[in-house]
Structure formats: structure tokens, C-alpha cells
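The values are calculated or read from the model by the stated rules, or taken from the named source; none is laboratory data. Everything numeric in this text was worked out from a predicted model, so none of it was measured. Note: ideal-geometry Cβ built from the backbone for every residue, glycine included; neighbour counts use all protein chains shown.
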């Protein structure tokens, strides 16, 4: 690896040492035990990371259809059986309710709580949508010698709500959310090709260059995550983001939803290479 | 094009002339008017063709989840709004109930009728799943100089029920169905690469060689379609097939389902090249 991520603020140095060498299962156990509570960017290189949206079965058909119609922001890695807390396809020994470092609870489209464990919110009618994450292809970009700025800065990736409408499905609609990485001009094509080879973790970028073209007015003020420095000779490159379901929840106002907190992902047992086919 | 398909038996020569030069919309009109009623293999080269399964909304969530879990046999090109007969994504001016050359009606898993128009069966609670078809990548194989045997023989592609279980979803389960094309040894790798570049029309093969490995006992007796000659120096290559939903319907026995007749596809307005991203 050409680059080791910088320890995120607030993480215990001993826990960080463990996290850096952990297998996906070991990292999920660290998170489940409440020891690791920060962004997962840069951890478990080569393994797919995942976004989350949990909805009652009543709204699940509409969201499943929304994901089918919007595969770039919502590439589904797994949809659980109704009521199941355990995943069975993307990982084993994996509890949806505890293994993300941080969650958000929405009621009628309003964010009402952030928490590190949603066990007490679980219900028998909930369906979990586990969605591919661009953190997955970051390890391949790093392998190719492309610096991932938010990793070297030790912060969260910047994410923006765009002016691009997703294709609606039933009760679900909303704007596309994108993540941004500054890339030197001479590595942009490589970044497109590397990420484009893994459509199940968002694939190729949706936009390269001038942020205003997709409705972003201030690149230094992301709607989610942290701002990062853009150096001379670099261009901002935007990928469809699995935080889009949160924009959909805020817009469509289902009675109840659980999501991950942006940047605080599930690390799955699925290798990126197996998502290429 | 290196190869012109042979006129299928029973097609009027004047209609065949029209079909060979028709745009997708023109071909749908010929079919809607009852003039063309044969396999669509080899027609409208470069445009995606599609399989169909129509289910009541009651079973639609399970099938949508089944398709998400089994993307190789069931790559979804479009899922219509409940009750809609018109497509809006893969084609316009396209009536699901009339624009396939032939349909099958299933009740409780039993095939009860084959017909060329299902208007009289239509209900407000039906959801249509339009599924990618391997006929789409055939035109690219032909461009690359690979002979498509069932096209040169003027018959339907042979399809087989395998011993491979699909991943079940709720009430839906069944065996994988595959289509087979004999390919000369020195073109097999090329065939894998060309088809693998279009995952939304089944993508790369699921099996190459000995049919018994996937539970096919007699290659000359396909479960659907027609047998084709396999010449000396050719190997049978098997692709996941959009007839799989019919195997699922027969196994899972939903109260009502409409499918296309194997080989009698919808020709969409979507270009294959746009399914590569």
C-alpha cells in the first residue's frame, strides 16, 4: 500500500493499531464492543464497505424499486429477510444493529438521534438494505498511487447534495448525493477506469470538474462529512454516494428509518475483486 | 454484419424483409399488428432484447428481491409501475401486453395458454419485470466473427434447466435456466470477454464445456427452444437465461403469471452500448 490512513480524531491509539491490522470480522467485533467509533475509510483494504438504510416492510418495495432504478447511488450488496438482524450474503457473524460505528434514526424524514447501537429500535418488520460504498474502490486507487485526500488528512470524505433528481419509485424520491475526491489531472482517467470496473460500489464518477454544474455552490461546505484541501493542479471528481438514501428519506418522509452515519460504514467479508463480475 | 439470420419457418417472406431492416419501434409495430410471430434472434442488431415476467403486486416484492439476488439470470432493464402496460425506461411507444411475439399464461405454476396478445388478461395490480436477454450480445459476437448457430440454422436458441439452485427470496425459488451456443475453441475466450462486458444482458457465461457438470443429460433435447448442431472443434458455452423466471414460476406456483414464450422477445429502444456502464 502506498498510503496508510491517518488516525481519525478521538480514536484511542491502541485501538487504532488493532483496527489497522484487523480482518473485517475483527473490525466488526471492535465496533460491536464499542471500541471503534470513527470513519472506516482506509481500513480493511480490498474488502467492500457498505452503506445502510433500514425501512419497515411497508416501504421496502418502493425502496427496492428505487434502488433498481438508481443503481449508481444504490448498488445493493444485500437485502435481508424481513426482521433479520444478521446478514447472510455480504458477511457472516455480522449484526446490522451493532456493527456500524454510528447510526442515524429518522422519523417522518426528521433526524431524531445519532447512536452507536440500534438494538433497542429493532422491529420484526424491518428490512435492511446494504449498499455498496466508494470506500471500497479507494484501496485500488491507493494501490495505483492515487492519494485519497481525506485519508491523508484523517477526516471523513466530503459529500454534497446535488441538483440531480434520482428516478423516483412509488413514495421514494430525492436528490442524488455525491462524494468528492480531488485528483491530479494526470490521474483522472486512471481513477475513472479503476472505479468504473466496480459498478457495485458506485462505479465510475458521475461528474468531473466544475462543482456548480451539478448544483454545488460551495465546495468547502459539504452537506455531509468534512471539507478537504484541493491543491493546484487537481480537479474535484464526484462519485454517486450511498448517502443518497438519506436524502431520499428526508424528502420522502417514511414514518421510520435507520441509516448509518455518513462515513461510518459496515466492513463486509466480500472482496472488491468479487464485485467486478 | 458478418452474418444475416435465416428466415424462421412460418414467417411471410415480405414481412421478413421488413423485419430485417426495421427499427425497434417498427418491429414492435409489426408484432403488435400480428404480422411477425417468430423468434426475434438476430433482429435489430445493437439493441437490447428482453424477457418478461408479469406478476400481481402481491408477489412482486418477492420477485424483485429474487432478481436482486440472482442478477445473472434476472438482470432487470425495467420494472413498471403497478398496473402500467407501457414501459417508460427501456422503450417508449411500447405496450407490454402486445409487443412480444408470443406469451405464456401460468396459473398456480401450470402453463395454461400460449397467445400473441395478453390484453384480455391485463389487471390493475400487475407489475411487469423486463429482463435483459442474451440475444443482445449476439450481435456483438457476430460483429467479432463468431457464428451464432441458431441464427444460421433459422431456429430458436436451445435452453436447458440446470441442477443449479438460484438464491431463493421469500416465496420464489427454482433452478437456473441457461441458453447454449456452440463456439469454436479458438473463439471461446473472445466470447467470454465480449459477453462479460454487458452484465445487464446476462454477462459472461456460467459454464463452458461438459453439459453434465450442470445437470444437462442430453444436449440434443433442450427444455425450451430448439436443438442445434455442435460441430467438431466446438465447445458448448452456457449463459444464464431470462427464461429462469419461468422455471421459478413452475416451482413457486404464484396464482397468476404472464411470461414471454422462450425466444420470442421484446426488442427495446435501449442500445447495448448503453448497458455497459
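Checking B:70, B:37 one by one, the residue that is within 14 Å of another protein chain (Cβ to nearest Cβ) and out of contact with any strand residue (DSSP E or B) (no Cβ under 6 Å at 6 or more places or on another chain) is B:70 and no other. Of all residues in the stretch B:249-271, those that are outside any strand (DSSP E or B), touching a helix residue (DSSP H, G or I) at 6+ places or on another chain (Cβ under 7 Å) and surrounded by fewer than 22 Cβ atoms within 10 Å (Cβ to Cβ) total 1.
Residues in the stretch A:127-173 that are under 17 Å from residue A:188 (Cβ atoms) and not in a helix (DSSP H, G or I): A:134, A:144, A:145, A:146, A:147, A:148.
Does the stretch B:128-136 contain at least one residue that is more than 14 Å from chain A (Cβ to nearest Cβ), under 17 Å from residue B:229 (Cβ atoms) and surrounded by 23 or more Cβ atoms within 10 Å (Cβ to Cβ)? Among the residues of the stretch B:128-136, not one is more than 14 Å from chain A (Cβ to nearest Cβ), under 17 Å from residue B:229 (Cβ atoms) and surrounded by 23 or more Cβ atoms within 10 Å (Cβ to Cβ), which makes the answer no.
Yes/no matrix, rows are residues, columns are (1) crowded, with 19+ Cβ neighbours inside 10 Å; (2) within 14 Å of chain A (Cβ to nearest Cβ):
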{"residue": "B:61", "(1), (2)": "yes, yes"}
{"residue": "B:64", "(1), (2)": "yes, yes"}
{"residue": "B:91", "(1), (2)": "yes, no"}
{"residue": "B:103", "(1), (2)": "yes, no"}
{"residue": "B:121", "(1), (2)": "no, no"}
{"residue": "B:124", "(1), (2)": "no, no"}
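Within the stretch B:134-147, does at least one residue satisfy the condition of being out of contact with any helix residue (DSSP H, G or I) (no Cβ under 9 Å at 6 or more places or on another chain) and more than 17 Å from residue B:246 (Cβ to Cβ)? Within the stretch B:134-147, not a single residue is out of contact with any helix residue (DSSP H, G or I) (no Cβ under 9 Å at 6 or more places or on another chain) and more than 17 Å from residue B:246 (Cβ to Cβ).
Given the criteria at pLDDT below 95 and more than 14 Å from chain A (Cβ to nearest Cβ), does residue B:262 qualify?
Details: at pLDDT below 95: yes; more than 14 Å from chain A (Cβ to nearest Cβ): yes.
Against the criterion (at pLDDT below 95 and more than 14 Å from chain A (Cβ to nearest Cβ)), residue B:262 qualifies.
Restricting the first member to the stretch B:162-177 and to residues that are more than 13 Å from every other protein chain (Cβ to nearest Cβ) and exposed (fewer than 15 other Cβ atoms within 10 Å of the Cβ), and the second to residues that are part of a strand (DSSP E or B) and modelled with pLDDT of 95 or more, the beta-carbon pairs closer than 7 Å and six or more apart or on different chains are B:163/B:175; B:165/B:175. As for the stretch A:232-248, it holds at least one residue that is buried (at least 19 other Cβ atoms within 10 Å of the Cβ), more than 14 Å from chain B (Cβ to nearest Cβ), free of Cβ contacts under 8 Å to residues at least 60 places away in the same chain and within 26 Å of residue A:9 (Cα to Cα). Of all residues in the stretch B:188-206, none satisfies being assigned to a strand (DSSP E or B) and either away from chain A (no Cβ under 14 Å) or surrounded by 20 or more Cβ atoms within 10 Å (Cβ to Cβ) (or both).
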